[in-house]
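Asker: Below is the structure I would like to discuss, written out as structure tokens.
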Amino acid sequence: MKAVMKTAEYQQRLTRIFTEHGFEVPEIESAYILSEVMNVRSLELPLHANEPLPEEQFRKAEEFLRRRLSNEPFQYIFGWTPFRFLELKVGPGVLIPRPETEYLVELVMKRIPRGADVCELGAGSGAISLALASERKDISVDASELSEEAFVWAETNRKALSLPNVRFHRGDLFTPFPGRRFDVVVANLPYVAGSEKELLPPNVRDYEPSEALFAPEEGFSLIEKALREAPDHLRPERSFLFFEIGETQGSRALDAARKTGFFRQMSIEPDQYGIRRFLFAER
């Protein structure tokens, strides 16, 4: 197979192009592309610096570069994203899981009892449900997802991971679970206000699905609706609720949870960066 140039030389070229196009961290951008086409970790690239880059890998990298220069997210370009200990398939039509949401999974696992029945609302790629089910084999997870496109991604990931203790259902919030009660409800529902759209980076604003990002009433309508419905689907003896929320929505979320009259304990928990990100409520 014909070689085009040495790996280090091509990485320098990529970095220069990303710099010229105003990317904030051009070195990282170029490392991402090269590590993906070479199937090595970014930290290992220096070990391959003097190796010739085969033409096939060069062409693949050039296509990735073209797409990235239009601000398409790397996760869509590569077709996958890491989430905790999993590799999840993602693409157009589904929200890309964030590191903050990985921490939500951590909070859930610390508090839920063994053998719990868990419900996730708005599963998206299935990241939360699949992470919980893979790390806690003792629990059972049922999750709802309204978007047909996102549901396909969730099912694709479930099948790839072969997890028998998780099931995805098409439908809005608790609609697929009439009469069912759970030990735990967890959700990362849309919470961005439509007025904030232009403030989002273009890789988010122009590519990720709007229905997974934005909600009416300054981003709070779906969270509020889910909180109103939650008491009918949580066990009255003892149960837990964990919601990811916007960093300015803490007081509003606590008020909405309090108004249900169901929860006895409520708090807003910080994420790994110290931002007040999660509503925790306990019966």
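Asker: Using only Cα atoms and rounding to the nearest 10 degrees, what angle (0 to 90) does helix 148-161 make with the longest principal axis of the chain?
Answerer: 80
Asker: Further, regarding this structure: In debye to the nearest 20, how big a dipole does the chain give about its Cα centre with +1 on each Lys and Arg Cβ and -1 on each Asp and Glu Cβ?
Answerer: Values: 37 positive and 45 negative charges, 163 e Å.
Dipole magnitude for the chain comes out near 780 debye.
Asker: Rounded to the nearest 10 degrees, what's the angle between the helix 26-38 long axis and the longest principal axis of the chain, both from Cα atoms, 0 to 90?
Answerer: With rounding to tens, the tilt is 80 degrees.
Asker: May I ask for the net charge around Leu104, where only other residues with Cβ less than 10 Å from the Cβ of Leu104 are counted and Lys, Arg are +1 while Asp, Glu are -1?
Answerer: Numbers: positive: Arg98, Arg277; negative: Glu100, Glu102, Glu106, Glu244, Glu269, Asp271.
Local charge sum for Leu104: -4.
Asker: Once the Cα atoms of helix 250-259 and of the chain are each reduced to a long axis, what angle between those two axes, in degrees from 0 to 90 to the nearest 10, is obtained?
Answerer: 30
Asker: Local charge sum around Phe182 (other residues, Cβ-Cβ under 10 Å, Lys/Arg +1, Asp/Glu -1)? Walk me through the numbers before you get to the answer.
Answerer: Details: positive: Arg180, Arg181, Arg235; negative: Asp117, Glu120, Asp142, Asp183.
Around Phe182, the charge tally is -1.
Asker: Please report how many Lys pairs in the chain have alpha carbons closer than 16 angstrom, counting only residues at least 8 apart along the chain or sitting on separate chains. Please report the intermediate quantities before stating the final value.
Answerer: Working: Lys2/Lys60; Lys6/Lys60; Lys89/Lys159; Lys110/Lys137; Lys225/Lys259.
For the chain, qualifying lysine pairs total 5.
Asker: For every other residue with a beta carbon closer than 13 angstrom to the beta carbon of Glu269, add +1 if it is Lys or Arg and -1 if Asp or Glu, then tell me the sum.
Answerer: Details: positive: Lys110, Arg111, Arg276, Arg277; negative: Glu100, Glu106, Glu244, Glu247, Asp271, Glu282.
It works out to a net charge of -2.
Read the figures in this text as sums done on the coordinates, not as results from a lab. Keep in mind that this is a model prediction, so the values were computed, not measured. For neighbour counting, all protein chains shown are included, and Cβ atoms are generated from backbone atoms with ideal geometry for every residue, glycine included.
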